[in-house]
Amino acid sequence: MTDRVDLSPELSLSRLVYGMWRIGDDKDTSPAHVQAKVEACLAQGITTMDQADIYGGYTAEAIFGGALKAAPHLRDKLEIVTKCGILVGAGRHSATRVKHYDTTAAHINASVEASLRDMGTDRIDLLLIHRPDPLMDPDETGPALDALVASGKVRAVGVSNFRPWDYALLQSSMETTLVTNQIEMSLVAPQAFTNGDLAFLQERMIPPMAWSPLGGGKLFDGSRPALIAALERIGAEQGVDASAVAVAWLLRHPARILPVLGTNSLARISAIGDAAKVVLDRQTWFELYTHAIGHEVP
Ligand SMILES: NC(=O)c1ccc[n+]([C@@H]2O[C@H](COP(=O)([O-])OP(=O)(O)OC[C@H]3O[C@@H](n4cnc5c(N)ncnc54)[C@H](OP(=O)(O)O)[C@@H]3O)[C@@H](O)[C@H]2O)c1
(Lines give C-alpha, C1' and ligand atoms only; values in the text may rest on other atoms or scores of the structure.)
Protein backbone atom coordinates (compact mmCIF):
# COMPACT_ATOMS: atom_id res chain seq x y z
CA MET A 1 0.00 0.00 0.00
CA THR A 2 1.58 3.23 -1.16
CA ASP A 3 1.74 6.35 1.03
CA ARG A 4 0.89 9.92 0.09
CA VAL A 5 2.81 13.11 -0.63
CA ASP A 6 1.56 16.66 0.03
CA LEU A 7 2.33 18.87 -2.96
CA SER A 8 0.66 21.87 -1.33
CA PRO A 9 -1.62 22.46 1.66
CA GLU A 10 -4.56 21.80 -0.70
CA LEU A 11 -3.29 18.85 -2.75
CA SER A 12 -1.92 15.47 -1.80
CA LEU A 13 -1.16 12.74 -4.35
CA SER A 14 -0.52 9.04 -3.91
CA ARG A 15 3.21 8.31 -3.85
CA LEU A 16 2.80 5.96 -6.80
CA VAL A 17 0.91 7.47 -9.73
CA TYR A 18 -0.75 5.60 -12.60
CA GLY A 19 0.07 6.99 -16.05
CA MET A 20 -2.37 6.69 -18.95
CA TRP A 21 -0.09 7.48 -21.90
CA ARG A 22 -0.44 3.92 -23.19
CA ILE A 23 -4.12 3.41 -22.31
CA GLY A 24 -5.14 3.49 -25.98
CA ASP A 25 -2.51 0.86 -26.88
CA ASP A 26 -4.27 -1.75 -24.76
CA LYS A 27 -6.31 -4.24 -26.80
CA ASP A 28 -9.22 -3.52 -24.44
CA THR A 29 -10.13 0.16 -24.07
CA SER A 30 -13.67 -0.46 -22.86
CA PRO A 31 -14.96 1.52 -19.86
CA ALA A 32 -15.20 -1.73 -17.88
CA HIS A 33 -11.54 -2.60 -18.47
CA VAL A 34 -10.33 0.94 -17.72
CA GLN A 35 -12.41 0.81 -14.54
CA ALA A 36 -10.71 -2.49 -13.66
CA LYS A 37 -7.29 -0.82 -14.02
CA VAL A 38 -8.35 2.11 -11.84
CA GLU A 39 -9.66 -0.32 -9.24
CA ALA A 40 -6.41 -2.32 -9.38
CA CYS A 41 -4.65 0.97 -8.63
CA LEU A 42 -7.00 1.86 -5.78
CA ALA A 43 -6.33 -1.56 -4.23
CA GLN A 44 -2.66 -0.48 -4.01
CA GLY A 45 -3.51 2.98 -2.65
CA ILE A 46 -2.72 4.50 -6.07
CA THR A 47 -5.31 7.26 -6.34
CA THR A 48 -3.52 9.65 -8.72
CA MET A 49 -4.03 9.25 -12.48
CA ASP A 50 -1.63 10.96 -14.93
CA GLN A 51 -2.98 12.08 -18.29
CA ALA A 52 -2.16 14.55 -21.04
CA ASP A 53 -4.30 16.10 -23.73
CA ILE A 54 -1.97 14.66 -26.41
CA TYR A 55 -1.93 11.02 -25.20
CA GLY A 56 -3.26 8.64 -27.81
CA GLY A 57 -3.40 11.47 -30.36
CA TYR A 58 -5.79 13.44 -28.09
CA THR A 59 -7.94 10.35 -27.36
CA ALA A 60 -6.67 8.99 -24.01
CA GLU A 61 -8.59 11.46 -21.84
CA ALA A 62 -11.85 10.42 -23.50
CA ILE A 63 -11.04 6.71 -22.97
CA PHE A 64 -10.52 7.44 -19.26
CA GLY A 65 -13.62 9.67 -19.28
CA GLY A 66 -15.67 6.73 -20.57
CA ALA A 67 -14.82 4.80 -17.41
CA LEU A 68 -15.55 7.80 -15.17
CA LYS A 69 -18.92 8.29 -16.83
CA ALA A 70 -19.77 4.58 -16.42
CA ALA A 71 -18.62 4.58 -12.77
CA PRO A 72 -19.08 8.18 -11.51
CA HIS A 73 -18.36 7.18 -7.90
CA LEU A 74 -14.68 6.80 -8.89
CA ARG A 75 -14.09 10.51 -9.52
CA ASP A 76 -14.01 11.59 -5.87
CA LYS A 77 -11.55 8.81 -5.02
CA LEU A 78 -9.02 10.06 -7.56
CA GLU A 79 -6.71 12.97 -8.26
CA ILE A 80 -6.44 13.71 -11.99
CA VAL A 81 -3.22 15.14 -13.38
CA THR A 82 -3.19 16.27 -16.99
CA LYS A 83 -0.93 18.28 -19.26
CA CYS A 84 -1.17 20.65 -22.18
CA GLY A 85 1.03 22.55 -24.58
CA ILE A 86 2.06 20.04 -27.31
CA LEU A 87 0.42 20.39 -30.71
CA VAL A 88 0.74 17.61 -33.27
CA GLY A 89 -1.29 16.78 -36.34
CA ALA A 90 -3.75 14.28 -34.86
CA GLY A 91 -7.31 14.12 -33.60
CA ARG A 92 -8.79 17.54 -32.86
CA HIS A 93 -5.48 19.13 -33.91
CA SER A 94 -5.23 17.28 -37.25
CA ALA A 95 -4.80 20.61 -39.07
CA THR A 96 -1.45 21.17 -37.29
CA ARG A 97 1.28 21.34 -39.94
CA VAL A 98 4.41 21.40 -37.74
CA LYS A 99 4.66 19.73 -34.34
CA HIS A 100 5.11 22.58 -31.88
CA TYR A 101 4.46 23.89 -28.37
CA ASP A 102 1.88 26.50 -27.44
CA THR A 103 1.84 28.06 -23.97
CA THR A 104 -0.41 31.00 -24.81
CA ALA A 105 -3.37 31.70 -22.52
CA ALA A 106 -5.78 30.95 -25.37
CA HIS A 107 -4.31 27.51 -26.00
CA ILE A 108 -3.99 26.56 -22.34
CA ASN A 109 -7.60 27.57 -21.66
CA ALA A 110 -8.93 25.74 -24.73
CA SER A 111 -6.94 22.64 -23.79
CA VAL A 112 -8.28 22.66 -20.22
CA GLU A 113 -11.87 22.95 -21.49
CA ALA A 114 -11.29 19.98 -23.84
CA SER A 115 -9.71 17.92 -21.04
CA LEU A 116 -12.61 18.66 -18.67
CA ARG A 117 -15.12 17.72 -21.36
CA ASP A 118 -13.32 14.54 -22.47
CA MET A 119 -12.90 13.27 -18.91
CA GLY A 120 -16.42 14.37 -17.91
CA THR A 121 -15.18 16.17 -14.82
CA ASP A 122 -15.55 19.70 -13.44
CA ARG A 123 -11.98 19.98 -12.16
CA ILE A 124 -8.41 18.99 -12.90
CA ASP A 125 -6.48 18.39 -9.70
CA LEU A 126 -3.09 19.21 -11.23
CA LEU A 127 -2.34 20.79 -14.62
CA LEU A 128 1.20 20.60 -16.00
CA ILE A 129 2.78 22.49 -18.89
CA HIS A 130 4.04 19.44 -20.81
CA ARG A 131 7.32 20.75 -22.28
CA PRO A 132 9.32 23.97 -22.02
CA ASP A 133 8.23 26.18 -24.91
CA PRO A 134 11.04 28.29 -26.42
CA LEU A 135 8.41 30.89 -27.34
CA MET A 136 6.84 30.95 -23.85
CA ASP A 137 6.04 34.45 -22.62
CA PRO A 138 6.07 33.97 -18.83
CA ASP A 139 4.03 37.13 -18.38
CA GLU A 140 1.23 35.49 -20.35
CA THR A 141 1.60 31.84 -19.30
CA GLY A 142 2.04 32.52 -15.57
CA PRO A 143 -1.08 34.69 -15.14
CA ALA A 144 -3.08 32.24 -17.30
CA LEU A 145 -2.18 29.45 -14.87
CA ASP A 146 -2.97 31.68 -11.87
CA ALA A 147 -6.39 32.47 -13.36
CA LEU A 148 -7.16 28.77 -13.88
CA VAL A 149 -6.41 28.07 -10.22
CA ALA A 150 -8.53 31.06 -9.15
CA SER A 151 -11.42 29.76 -11.31
CA GLY A 152 -11.42 26.40 -9.51
CA LYS A 153 -11.18 24.49 -12.81
CA VAL A 154 -7.62 23.53 -11.84
CA ARG A 155 -6.62 22.94 -8.21
CA ALA A 156 -2.85 23.25 -8.68
CA VAL A 157 -0.32 23.77 -11.46
CA GLY A 158 3.15 22.50 -12.28
CA VAL A 159 5.42 21.70 -15.20
CA SER A 160 7.05 18.78 -16.95
CA ASN A 161 10.47 18.37 -18.55
CA PHE A 162 11.49 21.85 -17.40
CA ARG A 163 15.13 22.58 -16.61
CA PRO A 164 15.72 24.66 -13.45
CA TRP A 165 16.00 27.91 -15.41
CA ASP A 166 12.72 27.26 -17.27
CA TYR A 167 11.05 26.54 -13.93
CA ALA A 168 12.39 29.68 -12.26
CA LEU A 169 11.37 31.83 -15.22
CA LEU A 170 7.74 30.69 -15.19
CA GLN A 171 7.48 30.82 -11.40
CA SER A 172 8.80 34.40 -11.42
CA SER A 173 5.64 35.51 -13.28
CA MET A 174 3.16 33.68 -11.04
CA GLU A 175 1.30 34.25 -7.81
CA THR A 176 0.51 30.59 -7.22
CA THR A 177 3.35 28.18 -6.53
CA LEU A 178 4.27 25.53 -9.10
CA VAL A 179 3.94 22.26 -7.18
CA THR A 180 5.98 19.76 -9.22
CA ASN A 181 8.16 19.08 -12.23
CA GLN A 182 7.50 15.75 -13.95
CA ILE A 183 10.79 14.57 -15.43
CA GLU A 184 12.29 11.34 -16.73
CA MET A 185 13.98 9.34 -13.97
CA SER A 186 14.83 5.65 -13.77
CA LEU A 187 17.67 3.17 -13.71
CA VAL A 188 17.69 3.62 -17.51
CA ALA A 189 17.73 7.45 -17.27
CA PRO A 190 19.50 8.47 -14.03
CA GLN A 191 20.83 11.85 -15.24
CA ALA A 192 18.52 13.96 -13.05
CA PHE A 193 20.34 12.65 -9.97
CA THR A 194 23.48 14.57 -10.92
CA ASN A 195 22.60 17.23 -13.51
CA GLY A 196 20.97 19.67 -11.08
CA ASP A 197 17.34 18.92 -11.95
CA LEU A 198 16.64 17.04 -8.70
CA ALA A 199 18.84 19.30 -6.57
CA PHE A 200 16.90 22.36 -7.78
CA LEU A 201 13.60 20.78 -6.70
CA GLN A 202 14.99 19.52 -3.38
CA GLU A 203 16.31 22.95 -2.48
CA ARG A 204 12.76 24.27 -2.90
CA MET A 205 11.14 21.20 -1.23
CA ILE A 206 9.17 20.47 -4.42
CA PRO A 207 8.38 16.75 -4.85
CA PRO A 208 9.26 15.60 -8.40
CA MET A 209 7.24 13.16 -10.48
CA ALA A 210 9.25 10.53 -12.41
CA TRP A 211 7.98 9.49 -15.83
CA SER A 212 8.93 6.11 -17.38
CA PRO A 213 10.25 4.70 -14.08
CA LEU A 214 11.00 1.41 -15.87
CA GLY A 215 12.53 3.26 -18.82
CA GLY A 216 9.33 2.76 -20.79
CA GLY A 217 10.04 -1.00 -20.73
CA LYS A 218 13.67 -0.61 -21.93
CA LEU A 219 14.82 -1.94 -18.56
CA PHE A 220 13.54 -5.35 -19.63
CA ASP A 221 14.64 -5.38 -23.28
CA GLY A 222 17.59 -7.71 -22.62
CA SER A 223 20.33 -5.07 -22.98
CA ARG A 224 21.06 -4.80 -19.22
CA PRO A 225 21.56 -8.38 -17.98
CA ALA A 226 23.66 -7.48 -14.90
CA LEU A 227 21.15 -4.86 -13.76
CA ILE A 228 18.24 -7.25 -14.27
CA ALA A 229 20.09 -10.00 -12.36
CA ALA A 230 20.61 -7.62 -9.43
CA LEU A 231 16.96 -6.48 -9.47
CA GLU A 232 15.79 -10.10 -9.59
CA ARG A 233 18.10 -11.14 -6.74
CA ILE A 234 16.91 -8.28 -4.51
CA GLY A 235 13.31 -8.96 -5.52
CA ALA A 236 13.66 -12.65 -4.62
CA GLU A 237 15.22 -11.74 -1.25
CA GLN A 238 12.30 -9.43 -0.44
CA GLY A 239 9.49 -11.41 -2.08
CA VAL A 240 8.65 -8.84 -4.76
CA ASP A 241 8.94 -8.49 -8.54
CA ALA A 242 12.10 -6.98 -10.10
CA SER A 243 10.00 -4.06 -11.41
CA ALA A 244 8.97 -3.19 -7.83
CA VAL A 245 12.66 -3.02 -6.86
CA ALA A 246 13.37 -0.67 -9.79
CA VAL A 247 10.58 1.64 -8.64
CA ALA A 248 11.72 1.35 -5.00
CA TRP A 249 15.13 2.62 -6.15
CA LEU A 250 13.41 5.93 -6.99
CA LEU A 251 11.41 5.93 -3.73
CA ARG A 252 14.66 5.55 -1.74
CA HIS A 253 15.85 9.01 -2.82
CA PRO A 254 15.17 11.76 -0.24
CA ALA A 255 13.57 14.07 -2.85
CA ARG A 256 10.16 12.32 -2.31
CA ILE A 257 9.94 11.20 -5.95
CA LEU A 258 6.49 10.17 -7.23
CA PRO A 259 7.01 7.46 -9.90
CA VAL A 260 4.39 7.43 -12.69
CA LEU A 261 3.76 3.80 -13.70
CA GLY A 262 2.88 3.01 -17.31
CA THR A 263 1.92 -0.66 -17.40
CA ASN A 264 -1.34 -1.72 -19.03
CA SER A 265 -1.27 -5.03 -17.14
CA LEU A 266 -3.52 -5.52 -14.12
CA ALA A 267 -1.06 -8.05 -12.68
CA ARG A 268 1.86 -5.62 -13.03
CA ILE A 269 -0.08 -2.79 -11.36
CA SER A 270 -0.31 -4.88 -8.20
CA ALA A 271 3.23 -6.30 -8.52
CA ILE A 272 4.74 -2.81 -8.83
CA GLY A 273 2.57 -1.63 -5.94
CA ASP A 274 4.87 -3.75 -3.77
CA ALA A 275 7.61 -1.12 -4.29
CA ALA A 276 6.55 0.53 -1.04
CA LYS A 277 7.55 -2.64 0.86
CA VAL A 278 11.10 -2.80 -0.49
CA VAL A 279 13.97 -1.78 1.78
CA LEU A 280 17.16 -0.68 0.01
CA ASP A 281 20.20 0.01 2.12
CA ARG A 282 22.80 2.50 0.87
CA GLN A 283 25.12 -0.08 -0.68
CA THR A 284 22.28 -1.85 -2.47
CA TRP A 285 21.08 1.50 -3.87
CA PHE A 286 24.61 2.14 -5.12
CA GLU A 287 24.88 -1.38 -6.51
CA LEU A 288 21.90 -0.62 -8.78
CA TYR A 289 23.22 2.88 -9.56
CA THR A 290 26.57 1.37 -10.55
CA HIS A 291 24.80 -0.87 -13.07
CA ALA A 292 22.72 2.09 -14.27
CA ILE A 293 25.72 4.31 -15.05
CA GLY A 294 27.82 1.37 -16.26
CA HIS A 295 30.79 1.86 -13.92
CA GLU A 296 31.74 2.17 -10.28
CA VAL A 297 31.28 5.67 -8.87
CA PRO A 298 34.56 7.64 -8.96
N1 LIG B 1 5.74 14.17 -18.89
C2 LIG B 1 6.22 13.51 -19.92
O3 LIG B 1 6.83 14.08 -20.85
C4 LIG B 1 6.01 12.03 -19.97
C5 LIG B 1 6.70 11.24 -20.92
C6 LIG B 1 6.49 9.87 -20.91
C7 LIG B 1 5.61 9.30 -19.99
N8 LIG B 1 4.93 10.10 -19.11
C9 LIG B 1 4.00 9.54 -18.11
O10 LIG B 1 4.66 8.47 -17.46
C11 LIG B 1 3.84 7.32 -17.53
C12 LIG B 1 4.69 6.11 -17.51
O13 LIG B 1 5.52 6.07 -18.67
P14 LIG B 1 5.90 4.67 -19.29
O15 LIG B 1 4.67 3.97 -19.73
O16 LIG B 1 6.99 4.87 -20.26
O17 LIG B 1 6.42 3.95 -17.92
P18 LIG B 1 7.19 2.64 -17.56
O19 LIG B 1 6.46 2.08 -16.38
O20 LIG B 1 8.63 2.95 -17.45
O21 LIG B 1 7.03 1.68 -18.80
C22 LIG B 1 5.84 0.99 -19.07
C23 LIG B 1 6.11 0.05 -20.21
O24 LIG B 1 7.03 -0.94 -19.75
C25 LIG B 1 6.46 -2.20 -19.97
N26 LIG B 1 6.86 -3.08 -18.86
C27 LIG B 1 6.64 -2.90 -17.56
N28 LIG B 1 7.13 -3.92 -16.83
C29 LIG B 1 7.69 -4.76 -17.71
C30 LIG B 1 8.34 -5.98 -17.59
N31 LIG B 1 8.56 -6.56 -16.40
N32 LIG B 1 8.77 -6.59 -18.70
C33 LIG B 1 8.57 -6.03 -19.90
N34 LIG B 1 7.92 -4.84 -20.09
C35 LIG B 1 7.50 -4.22 -19.00
C36 LIG B 1 4.98 -2.00 -19.98
O37 LIG B 1 4.35 -3.06 -20.70
P38 LIG B 1 2.97 -3.68 -20.16
O39 LIG B 1 1.91 -2.69 -20.40
O40 LIG B 1 2.82 -4.93 -20.97
O41 LIG B 1 3.17 -3.99 -18.69
C42 LIG B 1 4.86 -0.66 -20.68
O43 LIG B 1 4.89 -0.80 -22.08
C44 LIG B 1 2.99 7.53 -18.79
O45 LIG B 1 1.80 6.76 -18.78
C46 LIG B 1 2.71 8.99 -18.70
O47 LIG B 1 1.63 9.21 -17.80
C48 LIG B 1 5.13 11.44 -19.09
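Just to be sure I understand: with springs between alpha-carbon atoms less than 10 Å apart, which residue in 232, 79, 175 has the highest mean-square fluctuation in the Gaussian network model of the chain?
In the Gaussian network model the winner is 175.
Per-residue counts of other Cβ atoms within 10 Å, averaged by peptide: what ranking do you get for 130-137, 44-51, highest first?
Details: 130-137: 16.2, 44-51: 23.2.
Those peptides, ordered most packed to least, come out 44-51, 130-137.
Taking the dipole about the Cα centre of the chain, with the C-beta of Lys and Arg at +1 and of Asp and Glu at -1, give me whichever of 228, 57, 90 is farthest to the positive side.
Of the listed residues, the answer is 228.
Per the 1.4 Å probe, what fraction of the accessible area of the chain, in percent, lies on carbon and sulfur atoms? List each step's numbers first, then the result.
Details: 6790 of 12660 Å².
After summing per-atom areas, the C and S share lands at 54 percent.
Take the alpha carbon gyration tensor of the stretch 1-102, find the square roots of its eigenvalues, order them as a ≥ b ≥ c, and report rounded if a/c is under 1.5; if not, report prolate when a/b exceeds b/c, else oblate. Before the final figure, lay out the partial values.
Values: a/c = 2.44, a/b = 1.45, b/c = 1.68.
In terms of gyration-tensor shape, oblate.
Can you tell me the orientation of helix 225-238 relative to the chain, as the angle in degrees between its alpha-carbon axis and the longest Cα principal axis, to the nearest 10?
Taking Cα atoms only, the helix is inclined about 80 degrees.
Through the Karplus equation 6.51 cos²θ - 1.76 cosθ + 1.60, θ set to phi - 60°, convert the phi angles of the stretch 133-149 into ³J(HN,Hα) values in whole Hz; use x for Gly and Pro.
9, x, 9, 4, 9, x, 6, 9, 5, x, x, 5, 5, 4, 5, 5, 5
Each residue of the stretch 87-101 in order: what ³J(HN,Hα) in whole Hz does its phi give by Karplus 6.51 cos²θ - 1.76 cosθ + 1.60, θ = phi - 60°, with x for Gly and Pro?
Result, ordered by residue: 10, 9, x, 7, x, 5, 10, 4, 7, 5, 8, 10, 4, 7, 10 Hz.
Amide H to amide H under 5 Å from residue 12: which residues, 5+ apart in sequence or cross-chain, H placed 1.01 Å off N in plane?
7
Go through the stretch 287-293 residue by residue and turn each phi into a ³J(HN,Hα) via Karplus (6.51, -1.76, 1.60, θ = phi - 60°); whole Hz please, and just put x for glycine and proline.
Listing the rounded values in order: 4, 5, 4, 4, 5, 5, 8 Hz.
Do any trypsin sites (Lys or Arg not before Pro) in the stretch 132-210 lie in a loop, going by DSSP, with at most 15 other beta-carbon atoms within 10 Å of their beta carbon, and if so which? Before the final figure, lay out each step's value.
Values: sites: 153, 155, 204; in loops: 153, 155, 204.
Those satisfying the criteria are 204.
Under a 10 Å cutoff between Cα atoms, tell me which one of 19, 239, 262 has the largest fluctuation in the Gaussian network model of the chain.
Looking only at 19, 239, 262, the largest GNM fluctuation is found for 239.
Would you list, by chain and number, the lysines whose Cα falls below 20 Å from the Cα of residue 99, excluding same-chain residues fewer than 8 positions away?
83
What residues qualify as long-range amide H neighbours of residue 79, i.e. H under 5 Å apart, gap of 5 or more or another chain, H built at 1.01 Å from N?
48, 49
I'd like the orientation of helix 60-70 relative to the chain: the angle between its Cα long axis and the longest Cα principal axis, in ° from 0 to 90, rounded to 10.
90 degrees
I'd like the distance separating the alpha-carbon centroids of the stretch 93-166 and the stretch 198-242, in whole Å.
So the separation of the two Cα centres works out to 29 Å.
For the stretch 4-293, what does the accessible surface come to per residue with a 1.4 Å probe? Please give it in Å².
Averaged over the residues of the stretch 4-293, the accessible area is 41 Å².
Could you tell me which of rounded, prolate or oblate describes the stretch 93-202, using a ≥ b ≥ c as the square roots of the eigenvalues of the alpha-carbon gyration tensor, with rounded for a/c under 1.5 and, failing that, prolate when a/b is larger than b/c and oblate otherwise?
Working: a/c = 1.58, a/b = 1.42, b/c = 1.11.
Judged from the Cα gyration tensor, the stretch 93-202 comes out prolate (a/c at least 1.5, a/b above b/c).
Let me check I've understood the local charge: for residue 87, count other residues with C-beta under 13 angstrom from its C-beta, Lys and Arg +1, Asp and Glu -1. What total comes out?
Working: positive: 83, 92, 97, 99, 131; negative: 53, 102, 133.
Neighbour charge sum, excluding residue 87 itself: +2.
The values are calculated or read from the model by the stated rules, or taken from the named source; none is laboratory data. Predicted model, so just to flag it, every value in this text is computed and none were measured. Here Cβ is always computed from backbone atoms with ideal geometry, including for glycine, and neighbour counts include all displayed protein chains. SASA here: full protein model, heavy atoms, side chains in, ligands and nucleic acids out. Shrake-Rupley method; radii C 1.70, N 1.55, O 1.52, S 1.80 Å.
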